[in-house]
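These notes concern the structure reproduced below.
The values are calculated or read from the model by the stated rules, or taken from the named source; none is laboratory data. All figures in this text were calculated on a predicted structure; none of them were measured in a lab. In this analysis, Cβ positions are derived from the backbone assuming ideal geometry, glycine residues included, and neighbour counts consider all displayed protein chains.
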Amino acid sequence: METVSQFLYIEIKKMANTSRSQLLFEKSLKLVPGGVNSPVRAFKSVGRSPVFIQRARGSKLWDVDGNEYIDYVGSWGPMILGHAHPRIVERVQKAAGDGTSFGAATERELEMAELIASIMPSVEMVRMVNSGTEATMSAIRLARAYTGRNKIIKFEGCYHGHADSFLIKAGSGAMTFGIPDSPGVTQAISADTLTARFNDVNSVETLIENHPNEIAALIAEPVVGNMGCIPPKKGFLGEVRELCTRNEILFIIDEVMTGFRVALGGAQQLYNVSADITTLGKIIGGGLPVGAYGGKKEIMSMVAPAGPMYQAGTLSGNPLAMAAGIEMLTTLKNDPSIYARLEEKSSRLEEGTQAIIEKHHLPLTQNRAGSMFTLFFTEKNVVDYETAKTSDTKKFAVYFNEMLDRGIYLAPSQFEAAFMSDAHTDEDIERTIDAAERSLLKAFQ
Ligand SMILES: *Cc1c(COP(=O)(O)O)cnc(C)c1O
């Protein structure tokens, strides 16, 4: 009887109505390219139209048809405390009452800078911007201004936002949709972006040898999230750091995803490595549009109006965004047990999934760094772009759809990380493991 009732429960879930989402998507397709304002939101690669979200709270999302989902996207990273966290909501509401933007200096921006500098020792000075993309594009302009060199090194499959220089062998949506090199990026710009293989320090060394005194910066996701989760091999980041130092190349650690995520102090704390310039985003805004770049005083003093490297922003340091970010970072800083809980929950989900893999002998590989993780549909050890690409994306698509129908909201792409939040409950995790077993059996039947 037990099995029968569970079966019925699933079939009811599977009949979930998404007709209003479909209607809204059809209308959006006529007015918005691809019907979405960021490509990763489309469910194109999993053969379905996206669900439109109406509201969220804690670990849950509700779509416009009233379906409930346990959310592992977390707005692609920011919602580490869960959705609609009461203290963040209250701070933003209060800030809004005092005015939504002044285009002038505020005390909140100082408070934010103090918070970031107190959490990340490599950030002595910081400039607030409005997105991760702005942070990374400003960071490489700064590196070029500081070194007087033009070229940068990035890793294949890493995503650093959508600025021209980074859309070369890019990860995330660019990888999902098979457009890692975007048209519209001039040859002159792409010639200045060199690509190395993640977790392969020799590939970095070769590029440096072939371009002596030409490389301004190396930018890396310290734990890759944008070709699925790929942690660095032991010692890799330290070796890259040393190569950069020896060749007077600035090491830009792009912590837009990993900052305040893999540890309070980000990947730099977790792997004991230090950046020349750090880029931040996602969690730092508590769900509002924020980015930041910061680093050594000597380098950051190049930024206008302290120095000649120009970078500006009408809405930078926006009062609502600062209010949300301050509340977020203060909460994370004052309660270190959050990271212990995230680790415990994430490892429980990983172990539960591993047990399914072993029980049914499934050709799957899991990668995890703290509360970032990916289930790859390949037996290979996934350590870089090439090995990530061995994943069976068709089977992933079946798995994704089966999970969605069981009320589990995953990123609609094999090449994205999943995120645990502090709001996920034991019951959420049990339900997810149960749904994963049923969904995986469908994908491999
Ligand atoms: C999301 C992301 C970006 C881009 O941030 P946006 O706010 O989407 O512009 C840059 N780098 C990394 C590592 C990211 O994960």
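Tabulated values for the structure
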| quantity | calculated |
| --- | --- |
| Conditions (1) within 30 Å of MET420 (Cβ to Cβ); (2) charged (D, E, K, R); (3) more than 16 Å from the ligand (Cβ to nearest atom); (4) touching a residue at least 12 places away in the same chain (Cβ under 8 Å): number failed by LYS154 | (3) |
| Test set (1) buried (at least 24 other Cβ atoms within 10 Å of the Cβ); (2) in contact with a Leu (Cβ under 6 Å, 6 or more places away or on another chain) - LEU237 fails condition number | (2) |
| Which numbered condition ASN226 fails, given (1) out of contact with any strand residue (DSSP E or B) (no Cβ under 9 Å at 6 or more places or on another chain); (2) buried (at least 24 other Cβ atoms within 10 Å of the Cβ); (3) over 28 Å from LYS169 (Cα atoms) | (3) |
| Residue check, LEU441 in contact (Cβ under 8 Å) with a residue 24 or more places away in the chain and either crowded, with 20+ Cβ neighbours inside 10 Å or on the phi > 0 side of the Ramachandran plot (or both) | no |
| Residue within segment 93-103 that is within 25 Å of ILE53 (Cα to Cα) and either without any contact (Cβ under 8 Å) to a residue 12 or more places away in the chain or within 16 Å of the ligand (Cβ to nearest atom) (or both) present | yes |
| Criterion violated by PHE177 - all others in (1) within 15 Å of the ligand (Cβ to nearest atom); (2) touching a residue at least 24 places away in the same chain (Cβ under 8 Å) satisfied | (1) |
| Filter result (more than 14 Å from GLY66 (Cβ to Cβ) and either surrounded by 12 or more Cβ atoms within 10 Å (Cβ to Cβ) or modelled with pLDDT of 95 or more (or both)) within segment 10-21 | ILE10, LYS14 |
| Subset of segment 117-139 [assigned to a helix (DSSP H, G or I) and either within 19 Å of the chain's Cα centre (by Cα) or on the phi > 0 side of the Ramachandran plot (or both)] | GLY132, THR133, GLU134, ALA135, THR136, MET137, SER138, ALA139 |
| Pairs with Cβ under 7 Å, 6+ apart, first in segment 110-125 and of a type in the set (D, E, K, R), second in a helix (DSSP H, G or I) and surrounded by fewer than 18 Cβ atoms within 10 Å (Cβ to Cβ) | GLU124/ALA117; GLU124/LYS297 |
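Okay, residues lined up against (1) out of contact with any His (no Cβ under 8 Å at 6 or more places or on another chain); (2) of a type outside the set (A, V, I, L, M, F, W, C); (3) within 22 Å of VAL224 (Cα to Cα); (4) not in a helix (DSSP H, G or I):
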site	(1), (2), (3), (4)
GLN354	yes, yes, yes, no
HIS361	yes, yes, no, yes
VAL383	yes, no, yes, yes
MET403	yes, no, no, no
GLN414	yes, yes, yes, yes
